[in-house]
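Colleague: Sharing a structure with you now.
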Amino acid sequence: MKKPNFLIFMVDQCNGTFFGEDGPADFLHVPNLRKLYDEGVNFANTYCASPLCAPSRAAFMSGLLPSRTGVYDNAAEFASCVPTFAHHLRRAGYTTALSGKMHFVGPDQLHGFEKRTTTDVYPADFGWTPDWTKPDERIDWWYHNLGSVTTAGVAETTNQLEYDDEVAFFAKQTLHQFSRESRDTPFCLTVSFTHPHDPFVTRQKYWDLYPEVAMPPLKEGTIAYDDQDPHSKRLLDMSDWQNFDTTDQKVIDSRRAYFGNISYIDEQIGSILETLKACEFDEDTIILFVSDHGDMLGEKGLWFKMSFFEGSARVPLLVHAPLKFGAKTIAEPSSTLDVFPTLVELAGAEVPNDLDGISLAPALSGVGEKRQIIAEYAAEGSISPMVMLREGEYKLNKCPVDPDQLFNLASDPQEQVNLVDDPDHAEVLEDMRAIIDSAYDFDAYYQDVLGSQKQRLIVYDALRNGDYYPWDYQPLQLASERYMRNHKDLNVLEGDARYPRIKENKT
């Protein structure tokens, strides 16, 4: 039996609370995603492995937490020796391709992908390395700041719109290429967009979908700086909050552009799905939709990610294969770490037994299980490793230098009430602390991160002196064998480039 194809749509910084148990929120204009959700399996309480791009994506690719890959932050190398789902699928006979972002840091810019159609949108070197020896220093030239909020609005094109336009184009071109090759060879195509990541700028047509009167209000409200928890204060300081006037209007504008960019992504996904159908791959392709992390979008006065609050750490995860799995919603918590083992099992290959994620294949067939979800953070805005544990309706955020946070997400979905000092929750707190403490040596974890930062800061400083060859991916094409050339009989060339094939007719 032919193995299924996989088409993975990964987006960047998409807040999972807008893709809950009922699918996309009613106010979102996402007809293509809504159709996928109506027909697919919605893992409605999915968490990223780390609320930051590179650590989360390395975890997504490897099925391993950042503490095991060493990809702690946005400038930590993802080692070539770490197997990814792309490696395992290639071993199982798949053609693997990537169109778009994956924020691989280091000289290996493929990590198992056989084809890569675009460069990345972020740098592949060590330039964005945090420095925990200078916890109060703000690194102005690359740290996020609230300029993304104060400059929110409309533009015909931006750096990121140009990138994602290209990502969609090459994704469709790749599907066309697959259609002309052996259809006995299954493929895994990952299409990874940089939207709806800030800056909060969208095209007019998407902005107009969200009139101001219809904008959803902040659910959690804002919290004054002095009333924030220590980590949130660090994030606000890192975003240079005192030097930007984030007025109520700019908050509205930022959210409006953000939702507009979700609609932009939906349109790109729709065009790729049309190509999938035109190439007759739609019935034997399993589609996934996932994000690397979320965005607080002004809730609690916070922006972007880098925390374990729901807006930052929760992401959408959808598996669409209606002929195989039907439509259902899975409320039990899951993780983006689960994507690797799920793909490998669905491909009929052997799932490694040393992963931090589990296969969701049983849940797709209706046999889910209760489990614990772990996430980690040890990047900019932190000064010590942080760990999140989600178990049942409770979430515990633990960091050696900060007070613990315990939330009941069933009764307090906005995470307004910290239950750490509530005697009625003392047993829950003790049990969850014990789970984290048994899994982590925080002192050793801290020293590992500090050592990694120190090495990378030295290497980066050295490599920027003298001749420098960048690690950033350079897409190459064999232009001499594209279109009309003299390397092949013209009739053969034309026939090979066509789908459907020309039926032979000798009469």
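The values are calculated or read from the model by the stated rules, or taken from the named source; none is laboratory data. In this text the structure is predicted, and so the values were computed from the model without any measurement. Counting neighbours? That spans all protein chains shown, and the Cβs are built from the backbone with ideal geometry, glycine included. With ligands, DNA and RNA removed, areas are computed over all heavy atoms of the protein, side chains included. Shrake-Rupley method; radii C 1.70, N 1.55, O 1.52, S 1.80 Å.
Colleague: List, in order, the whole-Hz ³J(HN,Hα) value for each residue of segment 46-59 obtained from phi through the Karplus relation with A = 6.51, B = -1.76, C = 1.60 and θ = phi - 60°; use x for Gly and Pro.
Modeller: 9, 10, 6, 7, 7, x, 7, 3, 4, x, 5, 6, 5, 5
Colleague: Right, another one. Distance between the C-alpha centers of segment 284-303 and segment 395-470? Whole Å please.
Modeller: A separation of 20 Å, based on Cα centres.
Colleague: Let me ask something else. Beyond 20 Å, how much of the Cα-Cα pair distribution for segment 32-92 remains, as a whole percent? Present the calculation step by step, with values, prior to reporting the outcome.
Modeller: Details: 785 of 1830 pairs.
When every Cα pair of segment 32-92 is considered, 43 percent fall beyond 20 Å.
Colleague: Continuing with this model, one more query. Please compare each pair in LYS115/LYS277; LYS35/LYS328; LYS277/LYS488; LYS233/LYS395; LYS233/LYS398 to a cut-off of 18 Å on the Cα-Cα distance and tell me which ones are over it. Could you put the intermediate results ahead of the total?
Modeller: Numbers: LYS115/LYS277 22 Å; LYS35/LYS328 13 Å; LYS277/LYS488 30 Å; LYS233/LYS395 20 Å; LYS233/LYS398 16 Å.
Those over the limit are LYS115/LYS277; LYS277/LYS488; LYS233/LYS395.
Colleague: Determine, from the Cβ-Cβ distance of ALA439 and GLU21 and an R0 of 30 Å, the FRET efficiency 1/(1 + (r/R0)^6), rounded to the nearest 0.05. The partial results should precede the final answer.
Modeller: Details: r = 29 Å, r/R0 = 0.96.
The calculated FRET efficiency here is 0.55.
Colleague: If you roll a 1.4 Å probe over the heavy atoms of the protein chains, what accessible area per residue do you get for segment 210-281, in Å²? Walk me through the numbers on the way to the answer.
Modeller: Values: 3290 Å² over 72 residues.
Per-residue value: 46 Å².
Colleague: In deg cm²/dmol, rounded to 500, what helix-only [θ] at 222 nm does the chain give when every DSSP H run of at least 4 residues adds -39500 (n - 2.57) and the total is split over its residues?
Modeller: Details: 16 runs with 163 residues, N = 507.
After summing the helix terms and dividing by residue count, I get -9500 deg cm²/dmol.
Colleague: From the phi angles alone, apply the Karplus equation (6.51, -1.76, 1.60; θ = phi - 60°) to segment 174-179 and give each ³J(HN,Hα) in whole Hz, x where the residue is Gly or Pro.
Modeller: Couplings: 5, 4, 4, 4, 4, 5 Hz.
Colleague: Quick check: residue separation of ASP412 and ARG68 times 0.36 nm, minus the Cα distance between them. What number comes out in nm? Mind dumping the intermediate values first?
Modeller: Numbers: separation 344, 0.36 × 344 = 123.84 nm, distance 3.22 nm.
120.6 nm is the gain from fully extending ASP412 to ARG68.
Colleague: Just need log10 I(q)/I(0) for segment 369-485 at q = 0.12, 0.17, 0.19, 0.22 Å⁻¹, Debye formula, equal scatterers on the alpha-carbon atoms, no solvent, rounded to two decimals.
Modeller: Once normalised to I(0) and log-transformed, intensities are -0.63, -0.90, -1.04, -1.25.
Colleague: Would you mind telling me the antiparallel percentage of the DSSP bridges in the chain, rounded to 5?
Modeller: Numbers: 25 of 54 bridges.
So the antiparallel bridges amount to about 45 percent of the total.
Colleague: Would you kindly calculate the translational diffusion coefficient of segment 230-330, applying Stokes-Einstein with the Kirkwood radius from alpha carbon pairs, for 25 °C and a viscosity of 0.890 mPa s, and quote it in µm² s⁻¹ without decimals?
Modeller: 149 µm²/s
Colleague: Shifting gears a bit: With only alpha-carbon pairs counted, each pair once and no self-pairs, how large is the Kirkwood hydrodynamic radius of the chain in angstroms?
Modeller: On the way: mean 1/r = 0.0423 Å⁻¹.
Roughly 23.7 Å, rounded to one decimal.
Colleague: What is the percent carbon and sulfur in the accessible area of segment 88-166, measuring with a 1.4 Å probe over the protein chains and ignoring ligands? Mind dumping the intermediate values first?
Modeller: Working: 1420 of 3150 Å².
Heavy-atom surface of segment 88-166 belonging to carbon and sulfur, 1.4 Å probe: 45 percent.
Colleague: While we're here: Which loop-located trypsin sites (Lys or Arg not before Pro) does segment 340-435 contain, where loop means any DSSP state but H, G, I, E or B and the Cβ has at most 15 other Cβ atoms within 10 Å? Write down the numbers at each step before the final one.
Modeller: Working: sites: LYS370, ARG371, ARG390, LYS395, LYS398, ARG433; in loops: LYS370, ARG371.
Listed in order of number, the matching sites are LYS370, ARG371.
Colleague: Among the trypsin sites (Lys or Arg not before Pro) within segment 1-93, which fall in a DSSP loop and have no more than 15 other Cβ atoms within 10 Å of their own Cβ?
Modeller: On the way: sites: LYS2, ARG34, LYS35, ARG57, ARG68, ARG90, ARG91; in loops: LYS2.
Those that pass, being in a loop and sparsely packed, are LYS2.
Colleague: Further question on the same structure: Would you grab the residues whose amide H sits under 5 Å from the one on SER192? Only those 5+ places off in sequence or on another chain, please, with H modelled 1.01 Å from N.
Modeller: Amide H neighbours of SER192: MET10, SER99, GLY100, LYS101.
Colleague: While we're here: Once amide H atoms are placed 1.01 Å from N in the peptide plane, what residues at a sequence separation of 5 or more from ARG371, or on another chain, have their amide H within under 5 Å of its amide H?
Modeller: Distant-sequence amide H within range of ARG371: GLY392.
Colleague: Continuing with the same structure: Residues with amide H under 5 Å of SER335's amide H, sequence separation 5 or more or different chain, H placed in the peptide plane at 1.01 Å from N; which?
Modeller: TYR47
Colleague: Okay, moving on. Can you tell me the convex hull volume per residue for segment 82-236, based on C-alpha atoms, in Å³ to the nearest whole number?
Modeller: Values: hull volume 29.7 nm³, N = 155.
In segment 82-236, the Cα hull volume divided by residue count equals 191 Å³.
Colleague: Ok, one more. Take the eigenvalues of the Cα gyration tensor for segment 75-164, scale each by 5, and report the square roots as semi-axes in whole Å, largest first.
Modeller: Equivalent-ellipsoid dimensions as semi-axes: 31, 21, 9 Å.
Colleague: Oh, and also: Please give the Cα centre distance for segment 348-374 versus segment 41-55, rounded to the nearest Å.
Modeller: Measuring centre to centre over Cα atoms gives 15 Å.
Colleague: So for the pair LYS370, ALA479, with labels modelled 7 Å out along Cα→Cβ, what separation do we get in nm?
Modeller: 6.2 nm
Colleague: Still on this structure, I have one more. Between ASP226 and ASN465, take the C-beta separation as r, use R0 = 51 Å, and let me know the FRET efficiency to the nearest 0.05.
Modeller: Efficiency, from the Cβ-Cβ distance: 0.70.
Colleague: Which whole-Hz ³J(HN,Hα) couplings does segment 133-142 yield from phi under the Karplus relation 6.51 cos²θ - 1.76 cosθ + 1.60, θ = phi - 60°, glycine and proline marked x?
Modeller: Once rounded to whole Hz, the list reads 6, 10, x, 9, 8, 9, 8, 4, 6, 9.
Colleague: Here is a follow-up. Can you grab the distance from the C-alpha centre of segment 208-272 to the C-alpha centre of segment 1-40, Å, no decimals?
Modeller: If we compute the Cα centre of each part, the gap is 21 Å.
Colleague: Arranged from highest to lowest average of other beta-carbon atoms within 10 Å per residue, in what order do the peptides 401-411, 74-84, 222-232 appear?
Modeller: 74-84, 401-411, 222-232
Colleague: Place the peptides 21-27, 111-117 in order of packing, highest mean first, counting for every residue the other Cβ atoms within 10 Å and averaging per peptide.
Modeller: Numbers: 21-27: 14.4, 111-117: 21.0.
Going from most to least packed, we get 111-117, 21-27.
Colleague: Can you tell me the order of 345-358, 324-337 when each peptide is scored by its average per-residue count of other Cβ atoms within 10 angstrom, highest first?
Modeller: Values: 345-358: 16.4, 324-337: 18.9.
Result, highest mean first: 324-337, 345-358.
Colleague: Going by a ≥ b ≥ c, the root eigenvalues of the Cα gyration tensor, does segment 261-393 fall in the rounded group (a/c under 1.5), the prolate group (a/b larger than b/c) or the oblate group?
Modeller: Details: a/c = 2.14, a/b = 1.32, b/c = 1.62.
Note, shape of segment 261-393 comes out oblate.
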